[in-house]
Amino acid sequence: MARIKNDRRTFIKFSTLGILAVALGGGIVISPYALQAEMRLRPPGAVSEKDFLALCIKCGQCLQVCPYHSIKLADMAKGHGIGTPYIDARERGCYACTAVPCVLACPSGALDHACEKPEDIKMGIAVLEFPNKCIAMTNTPVPVGHSKRIHDFTNAQMNVTQLERDMLAKLDEFEGKQCTICADMCPIPNPLSAIAMIREGNGKKPEVYEGCIGCGACEELCPANEAAIVIKPRLSYEDYYIKGIKS
Ligand code: SF4
Ligand code: SF4
Ligand code: SF4
């Protein structure tokens, strides 16, 4: 509840600044932020971006029910769609909850209620964008303290859930081992349909398959300084890996 208040406060602050910018320009100046069309990772079930922006009433219901604190409200600094929910995967991915409660909570149709289970989620597609950063490829053990960033984010929440504690406990077990985090922490019911470690030179690398839903857990948990694996929002496996559409 405190987080949504904070998000709303930030939203109001930036909205006010935006209105001020327009007023100062006599109604002619449009804030450059409003023109930025950054493609964001939207919560599960999000309809097309155009319809999503039209339908979302910015009520924050989806983020209030998320047991992983995955959803945030966009502020002015994040470009278009101020006040709309999005997921910053490096900070906290989605964990594909069984009954997809964020979708159930959405009263406006911005999150489509036809998305009823993890297999229905289609947020984007995972890509090993920076293979040179993947520590599995160089057989570098997962460093001590690799999960501090993720613990810190969790501890900063007002109401840490048991699901988050369980996820962190599982993540901490990788310390000192060869990295298979993206594959072994993939939260969907059949993770092997989405990602697996395959041999590559002297090490291993993750390979992404059609079952990937683009939840972003792999991007969040990757222990490299900068995530080696990232999500391409709204692209499907076919778009990226077969048709070669890159963004
Ligand atoms: S499916 Fe679960 S973890 Fe993912 S955004 Fe919805 S409520 Fe949060
Ligand atoms: S999480 Fe995956 S992509 Fe990141 S270092 Fe480990 S194996 Fe490589
Ligand atoms: S590989 Fe798994 S964890 Fe990564 S985005 Fe796809 S479904 Fe999510």
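The values are calculated or read from the model by the stated rules, or taken from the named source; none is laboratory data. On a predicted model such as this, the values are computed, not experimentally measured, just so you know. Cβ sites come from the backbone with ideal geometry, for glycine too, and all protein chains shown count toward neighbours.
Exactly one residue out of Ala89, Ala105, Ala74, Ala110 is closer than 16 Å to Ile213 by Cα and within 16 Å of ligand 1 (Cβ to nearest atom), and it is Ala89.
Listed by position, the strands (runs of 3 or more DSSP E) inside the stretch 133-247 whose residues that are within 19 Å of the chain's Cα centre (by Cα) number at least 2 are 203-208, 230-233.
Listed by first and then second residue, the pairs with beta-carbon distance under 7 Å, at least 6 apart or on different chains, first residue in the stretch 88-113 and small (Gly, Ala, Ser), second away from ligand 1 (no atom under 13 Å from the Cβ) and in a loop (DSSP other than H, G, I, E, B), are Ser108/Cys56; Ser108/Ile57; Ala110/Val47; Ala110/Cys56.
Listed by first and then second residue, the pairs linking a residue in the stretch 143-167 that is on the phi < 0 side of the Ramachandran plot to a residue that is among the hydrophobic types (A, V, I, L, M, F, W, C) and outside any helix (DSSP H, G or I), with Cβ atoms under 6 Å apart and 6 or more places separating them unless they lie on different chains, are Thr154/Val160. Does any residue of the stretch 203-216 turn out to be more than 10 Å from ligand 3 (Cβ to nearest atom) and hydrophobic (A, V, I, L, M, F, W, C)? Taking every residue of the stretch 203-216 in turn, none turns out to be more than 10 Å from ligand 3 (Cβ to nearest atom) and hydrophobic (A, V, I, L, M, F, W, C). The number of residues in the stretch 105-131 that are more than 18 Å from the chain's Cα centre (by Cα) and not in a loop (DSSP other than H, G, I, E, B) comes to 2.
Scanning the stretch 223-237 for residues that are within 17 Å of Ala183 (Cα to Cα), buried (at least 20 other Cβ atoms within 10 Å of the Cβ) and more than 10 Å from ligand 3 (Cβ to nearest atom) yields Pro223, Ala227, Ala228.
Residues considered: Glu116, Glu173. Of these, the only one that is surrounded by fewer than 17 Cβ atoms within 10 Å (Cβ to Cβ), at pLDDT 95 or above and not assigned by TED's automatic domain parsing to the domain that holds Leu55 is Glu173.
Let's see how each residue does on (1) within 16 Å of ligand 1 (Cβ to nearest atom); (2) buried (at least 21 other Cβ atoms within 10 Å of the Cβ):
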| site | (1), (2) |
| --- | --- |
| Cys179 | no, yes |
| Leu192 | no, no |
| Ile198 | no, no |
| Glu210 | no, no |
| Glu220 | yes, yes |
| Tyr240 | no, no |
| Lys243 | no, no |
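Looking only at the stretch 238-246, decide whether some residue is under 14 Å from Leu128 (Cβ atoms) and within 14 Å of ligand 2 (Cβ to nearest atom). There is no residue in the stretch 238-246 that is under 14 Å from Leu128 (Cβ atoms) and within 14 Å of ligand 2 (Cβ to nearest atom). The one condition from (1) more than 16 Å from ligand 2 (Cβ to nearest atom); (2) at negative phi that Ile135 does not meet is (1). Are any of the residues in the stretch 141-161 among the charged types (D, E, K, R) and within 9 Å of ligand 2 (Cβ to nearest atom)? No, every residue in the stretch 141-161 fails to be among the charged types (D, E, K, R) and within 9 Å of ligand 2 (Cβ to nearest atom). Just checking, does the stretch 222-240 include any residue being out of contact with any Gly (no Cβ under 9 Å at 6 or more places or on another chain), in contact (Cβ under 8 Å) with a residue 24 or more places away in the chain and basic (Lys, Arg)? No, every residue in the stretch 222-240 fails to be out of contact with any Gly (no Cβ under 9 Å at 6 or more places or on another chain), in contact (Cβ under 8 Å) with a residue 24 or more places away in the chain and basic (Lys, Arg). Taken together, the criteria place Asn139 among residues that are in contact (Cβ under 8 Å) with a residue 40 or more places away in the chain and in the same structural domain as Ala224 (by TED's automatic domain parsing). Can you pull out every residue in the stretch 181-190 that is away from ligand 2 (no atom under 11 Å from the Cβ) and either crowded, with 24+ Cβ neighbours inside 10 Å or closer than 21 Å to Asp88 by Cβ (or both)? Across the stretch 181-190, the qualifying residues are Pro187, Ile188. Across the stretch 48-85, the qualifying residues are those that are within 16 Å of ligand 3 (Cβ to nearest atom) and either of a type in the set (Ser, Thr, Tyr) or at pLDDT below 95 (or both), and the one among them that is farthest from Arg234 (Cα to Cα) is Tyr68.
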